Every structure is written in structure tokens, then in C-alpha cells.
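Participant: Before we start, here is the structure in question, set down as C-alpha cells.
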Amino acid sequence: MLLLLLIVAVILASPIRSRLRIYRGEQTVRAIGAQLSEAQTLAMNEFTRTRFSVDISANVCQSEAYNKAAGAWNFICRPRPLGRGASFGYGSIAAPAGSQTTLQQTSAVMFNPRGIPVDETGSPTGECAIYVHSRGQYFAVTVSVAGVVRLWKHDGSSWQPL
């Protein structure tokens, strides 16, 4: 009986580990999406600029708001590390996620006081995408030109909404 239970446990362990690996990657991307939405909401509520930035080498992300009086960026939250086993990147994937026209890792998403993503010149942009690799899975968080934050998972051939 004990041998039978051990055999069943071994058979079930692999799918459970695989699902747990996917779950961890999804949770990391959901946290990034939530932080982006928080920065966007703050921009609109406080009528100021905010930005969400990633440090690719340190695997951390942070949100900041622009302080007009001081002329400087202030932390909304301190840098937060990515989930265990996760890093920024898209590996050998060739197609961009969402509305991004060229596959590239966005290092910072800036929102204007209306909550619209803008580039360094203040022009609206839909080219914002943050790519995450987690234990063999690839994920993305995109922000459209209208400010819609979307989560994606690469299924091996294309990006699918998460």
C-alpha cells in the first residue's frame, strides 16, 4: 500500500511542479501590472507625472512620482525585487507583445497627469512592454497608448492574454 502511494505521489509531482512554476511567473507579472496601474492611478489622482522603472541588472522595479516643487522624482514605493527565479527579458522570442511594434524591453513607463503613457518628449506612446522570464516561461506587461495595462504569456508560438 505504501509503495502504491509513493508511486502515485511521484507521478503527480511533475505536473504539480510544472503548474507551480507557471503560477509563480504569473504572480510576478500580476504584481508588476498592479504596480503599473498604481503609478497610473496616482498620476491621475495627484495630477502629476509618475514613472515605473525596471533595473534589468538588479531584477528590481520601482514607482516614482514627480515632485514639481522640488523638481525631483520621489519614491512611491522602494525598489521591489522580482519573484524568485524571475528575471527581465524575452529570450529568443521574435514577436513583440501587445501594441509594441518593435520587440524591446522598456526600462521605464512614464504616465502624464491624465494617466496616458508618454515618451521622453511627452508624446503619447503605445510602445511600453516589460518582459519577464520565469523558470522557462515568458510573460509581458504592456501599456497601450490609451493607458490600458495588459498581461501576456507566451505559449511557445505567440502571445496570449493572461
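Every number here is computed from the coordinates shown, using simple stated rules; none is lab data. Treat the numbers as computed from the prediction; the structure is a model and nothing was measured. Don't worry about glycine lacking a Cβ; one is built from the backbone with ideal geometry, like all the others, and counts go over all protein chains shown.
Participant: Considering only residues of segment 104-126 that are in a loop (DSSP other than H, G, I, E, B) and without any contact (Cβ under 8 Å) to a residue 24 or more places away in the chain, which is surrounded by the fewest Cβ atoms within 10 Å (Cβ to Cβ)? Steps first, answer last, please.
Facilitator: Filtering segment 104-126 for residues in a loop (DSSP other than H, G, I, E, B) gives 104-107, 112-116, 119-123, 125-126.
So of that shortlist, the ones also without any contact (Cβ under 8 Å) to a residue 24 or more places away in the chain come out as 119-123, 125.
Working: Asp119: 12, Glu120: 8, Thr121: 6, Gly122: 11, Ser123: 10, Thr125: 20.
Looking at residues that are in a loop (DSSP other than H, G, I, E, B) and without any contact (Cβ under 8 Å) to a residue 24 or more places away in the chain, I get Thr121.
Participant: I would also like to ask the following. Taking the condition of being touching a helix residue (DSSP H, G or I) at 6+ places or on another chain (Cβ under 8 Å) and either among the aromatic types (Phe, Trp, Tyr) or within 16 Å of Val141 (Cα to Cα) (or both), how many residues in segment 81-95 meet it?
Facilitator: We begin by selecting, within segment 81-95, every residue touching a helix residue (DSSP H, G or I) at 6+ places or on another chain (Cβ under 8 Å); these are 82-86.
Imposing the further condition that a residue be either among the aromatic types (Phe, Trp, Tyr) or within 16 Å of Val141 (Cα to Cα) (or both) reduces the set to 82-83, 86.
So the count comes out to 3.
Participant: Still on this structure, please answer the following. Out of all the residues in segment 22-79, which are of a type in the set (Val, Ile, Thr), more than 23 Å from Pro124 (Cα to Cα) and crowded, with 17+ Cβ neighbours inside 10 Å? First the steps, then the outcome.
Facilitator: Here is the first cut: in segment 22-79, the residues of a type in the set (Val, Ile, Thr) are 22, 28-29, 32, 41, 48, 50, 54, 56, 60, 76.
Those still in the list that are more than 23 Å from Pro124 (Cα to Cα) too: 22, 28-29, 56, 60.
Within segment 22-79, Thr28, Val29 qualify.
Participant: May I ask you to list pairs of residues, at least six apart or on different chains, whose Cβ atoms are under 9 Å apart, with the first in segment 52-74 being at negative phi and the second being in a loop (DSSP other than H, G, I, E, B) and of a type in the set (Gly, Ala, Ser)?
Facilitator: If the second residue must be in a loop (DSSP other than H, G, I, E, B) and of a type in the set (Gly, Ala, Ser), the pairs left are Ser53/Ser107; Val54/Ser107; Asp55/Ser107; Ile56/Gly89; Ile56/Ser107.
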